Amino acid sequence: MSIFVSKEVEIEVDLEDFDDDELMDEIYRRNLLASNLVITINQISDAFVLKKHDQAMRILENLIYDVTGRIVPLT
């Protein structure tokens, strides 16, 4: 016999709870600096121009995951 329990938890997060260093560490960890995003978008564009659509879509999937934390299969 198996028993499954499901709970819903609501958490409120205020950015004031984090100091600047913690936020910058998270930006670096997620590789979300504006310059890195521009490089990544250029890589996607270059892959499309070179007809490497699978490669472009993989890079785009990774970018979406890095920014949103969601897995969105595009290929």
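Per DSSP H run of at least 4 residues, take -39500 (n - 2.57); add these up for the chain, divide by its residues and hand me the 222 nm value, nearest 500 deg cm²/dmol. Dividing the helical sum by the residues of the chain leaves -18000 deg cm²/dmol.
For region 15-68, the percent of C-alpha pairs falling in each 5 Å distance bin, counted from 0 to the bin holding the largest distance, reads 4, 19, 23, 19, 14, 9, 6, 4, 2, 0. For GluC sites (Glu not before Pro), the sites in the chain that DSSP calls loop and that have at most 15 other Cβ atoms within 10 Å are GLU8, GLU10, GLU12.
Length gained on full extension, ARG29 to LYS52, computed as 0.36 nm times the residue gap minus the Cα-Cα distance: 5.5 nm. In plain terms, the chain from LEU37 to ASP20 could stretch by 4.1 nm, reckoned as 0.36 nm per residue minus the Cα-Cα distance.
Since every read-out is calculated from the coordinates, none of them should be taken as a lab result. For clarity, every value in this text was computed on a predicted model and none was experimentally measured. Reconstructed Cβ throughout: ideal geometry from the backbone, glycine too, with neighbour counts over all protein chains shown.
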